[in-house]
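Structure, as C-alpha cells:
What follows draws every value from the coordinates through simple rules; no lab data is involved. Predicted, not measured: the structure shown is a model, and the values here were computed from it. All Cβ positions, glycine included, derive from the backbone under ideal geometry; neighbour counts span all protein chains shown.
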Amino acid sequence: MRIFYRIFALWALVAGLLTGCRGEGTLVSEEDALLKELLGAIDSAAVYRARKEASTEAMRKELNALTSEGKGANPVEVAEMYLKLGGSFGSYIADSTIFYVDKATEMALKAGDSDLYQRCRFTKASCLIRTGYFKEAELILAEQDPESMVDDNKVTYYRMQADLYHALYHAAEEDAEFRQYFVDRYSAYRDTFMTLVPPDSYQWIREAEKIAGRSGNFEEALALNDRRLSMLPSGETRRMAGVLFDRHTIYRFYMGCPIGDHVEYLLQSAILDVRNAAQDIASMRFVEAWLIQKNDVASAKKVADYYYATMARFGSRMRLLDAQETIMYINKEYLQMISRQKRLTRLGLMAIVVLSVILFGILNIVLRSRRRVLSLNEKLDRSNKAARSYVIGFFNLYSSYISRLQSLRSKINVNLRRGNTEFILSLTDPDKDISGEELKQMYSNFDDAFLDIFPNFVENFNSLLRPGEEILPKKGERLNMELRIFAVIKLGITDTTRISELLHCSVKTVYNKRSEVNVKLAVPREKFMARLAAI
C-alpha cells in the first residue's frame, strides 16, 4: 500500500509539471506542516471562539452603557453602536447579525437618518446573501433608490447587487439558462460598481483580479492578488484569509490546476479563519476535497466535523446543503477506515495465536506447576471442610447435651412435685439455672474451636460493616452473641430456627441480631452472604 501511495505521488508531480501548474512549487513537507498547524488550530477552536465572544461581550457592555443613559441618548450614536455590534457577528452568527442590524435600523428610522438607514439595510442584505436567503436580500435591495444615495452607499448598493447575482449563479448549478442570466446581471452591476470606485482602491483591484483570471490573464491576476495582499495592514487577518483563498482560486478554477497545487494558500486561509473564529469559511470545503484526494480520511473527518459545526453555528443553509454529500462521503470512508483497522487487528490476533503455539512448551510447564498448586489447594480445601465438620459436630454434641439436661431437669422436677424429698426438689429447682453454666462452657468451647480455625474472623467480619458500626466482644469474651450467630452462618447454617436451637436463644433474638447487622453493612446486602462465606 505504501508503494502505491509513492507511485501516486510521483504521478501527480509529473502531471503537474507537464501541465505547467507548479510554477511556484510547493514542498510536500510544507503542506504537511501547514496541515498539522490547521489541525492544531481546530483543536484550539474553543479558545478562539472564547476570545471572539469576549470581544463581542465588551461591545455589548459598551452598548448597554450607552443605552442606559436614558432617553437623552443620541439615536444616531446608538444606531452606529448596534450596527458595529451586528458587524462583529458578520462571519460568526448570522442570526445575531440580523438581530442587531434590525435594532440599528429602528434607531436610524427614529433619527430620520436615511443614509444610516440604507447602510443598515445593506448590511442585512449582505448577511442574507451569505446565508442563502436570496429572495429576502433581493427585496431589500429593490426597495432602495441608488439615485438618491450618497456616493458611499451607492457603491455599496451596486456591490451588493453584484454579490447577489454572483451567489445566485453558484446556486443554479444545473440550470444553464438561469446561470447565463445571472452572469449578465452580475457583470452589469459589477461594471457600474467599478466606475464608482478609484482604480487604485482595494475593491476595484479585487474585481479587476477576477476579470483578469476569468479572461485567462493569469499573470495579471496573480500580480493584482499580490497587490491586494500588500495593501492589507498586518493585523487584517480576516481579509488576508480571503485574499489567500482568492489566490488558490486563480490556480484551481481559472488556470485549471489540480487542487493539490499551491494548496499552501488554501491551508493558510483556513488557518487564519479558524484563528479568527470565523464561522463563514469557504476554504474548508476545498481542504476537505484535497484531503479526500490524498486519502487522508482521518484528517478529512476532523476538518469536515469542524466545517459542519461552523456552518450550523453561522446559519448558512446553502453551505449546509452543499456540504451534505461530501460529509456523508467522508463519514462513509471513515467507517471503512475503521473497518480496515479492525481487519488489521484481527490479523494481529492471528499472529498472536501463532506465537502462542510457539510458546506452547513454556505454557505446558506453567500448566503443570498450576496443576500442582491446584492439587495443594484441593487438599487445603478438604482440610477446611474437615475443620468445619469438626466444629459443627462439636457444636451439635454440646447442644444435644444441654437439650437432654434440660429435659431431665423437667422430668425430675415433675416427680419431685409428686412427693420426692425436699433436697431433691431444691436441687432441681428451675430458679437455679444449671444450664447457664453449661451454656457458658459450650460458648467458650465453641469460641475457642472456631477462632482457632478462623483466627481473623472478628476483624474480617467488621470489615464488612460501615466504619463506626463494628461489633466487638466485651473484655474477657472471644465472641459475643452477634458474632457467634454469624460464625454459625459462616459454617453453612443459615436457617434462623436452627441457629436459635444451636445457640439456645430465641428465634426473635437471632432475627433481631441479623436485622441489626443488615443495617450496618458496608457492602450490598445481596453480596453479604457470599462475602461472609469467603472470609
Among the trypsin sites (Lys or Arg not before Pro) in the range 439-490, which ones are in a DSSP loop with at most 15 other Cβ atoms within 10 Å of the Cβ? Mind listing them?
-> Lys474, Lys475
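Among 51-60, 255-264, what's the highest-first ranking by average C-beta atoms within 10 angstrom per residue? Intermediate results must be reported in sequence, preceding the final value.
Working: 51-60: 13.7, 255-264: 19.5.
Final packing ranking: 255-264, 51-60.
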When all C-alpha to C-alpha distances in the range 124-212 are sorted into bins of 10 Å, what percent of pairs does each bin hold, rounded to whole numbers?
-> 17, 48, 32, 4
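Dividing the alpha-carbon Rg of the range 39-173 by 2.2 N^0.38 Å yields what? Please list the in-between numbers first.
Numbers: Rg = 16.7 Å, N = 135, 2.2 N^0.38 = 14.2 Å.
Its radius of gyration relative to the 2.2 N^0.38 Å reference: 1.17.
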Asp296 and Asp102 label points (each 7 Å along its Cα→Cβ direction) are spaced in nm at 4.2 nm
What fraction, in whole percent, of alpha-carbon pairs in the range 97-165 exceed 17 Å separation?
-> 37 percent
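Taking 24 Å as the cut-off for C-alpha to C-alpha distance, list the pairs among Lys124/Lys154; Lys52/Lys135; Lys124/Lys302; Lys36/Lys294; Lys84/Lys124; Lys490/Lys513 that go past it. Walk me through the numbers on the way to the answer.
Details: Lys124/Lys154 16 Å; Lys52/Lys135 30 Å; Lys124/Lys302 32 Å; Lys36/Lys294 14 Å; Lys84/Lys124 12 Å; Lys490/Lys513 15 Å.
Violating the 24 Å Cα-Cα cut-off are Lys52/Lys135; Lys124/Lys302.
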On full extension of the chain, what length is gained from Asp115 through Lys474, given 0.36 nm per residue of separation minus the C-alpha to C-alpha distance?
-> 119.6 nm
With label points set 7 Å from each Cα along the Cα-to-Cβ direction at Leu359 and Arg372, the distance between them in nm comes to 2.1 nm
How big is the Rg/Rh ratio for the range 441-535, C-alpha atoms only, Rh by Kirkwood, two decimals?
-> 0.92
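First select every other residue whose beta carbon is under 12 angstrom from the beta carbon of Cys127; then total the charges, Lys and Arg +1, Asp and Glu -1. Working shown, then result.
Values: positive: Arg121, Lys124, Arg130; negative: Asp95, Asp102, Glu136, Asp163, Asp280.
Computed value for this residue: -2.
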Simple label model, 7 Å out from Cα along Cβ direction - Ser339 to Arg525, nm | 5.1 nm
Counting only residues 5 or more places away or on other chains, whose amide H sits under 5 Å from the amide H of Leu465 once H atoms are built in the peptide plane?
-> Ala522
Using only C-alpha atoms and all pairs of different ones, pull out the Kirkwood radius for the range 196-273 in Å with one decimal.
-> 12.6 Å
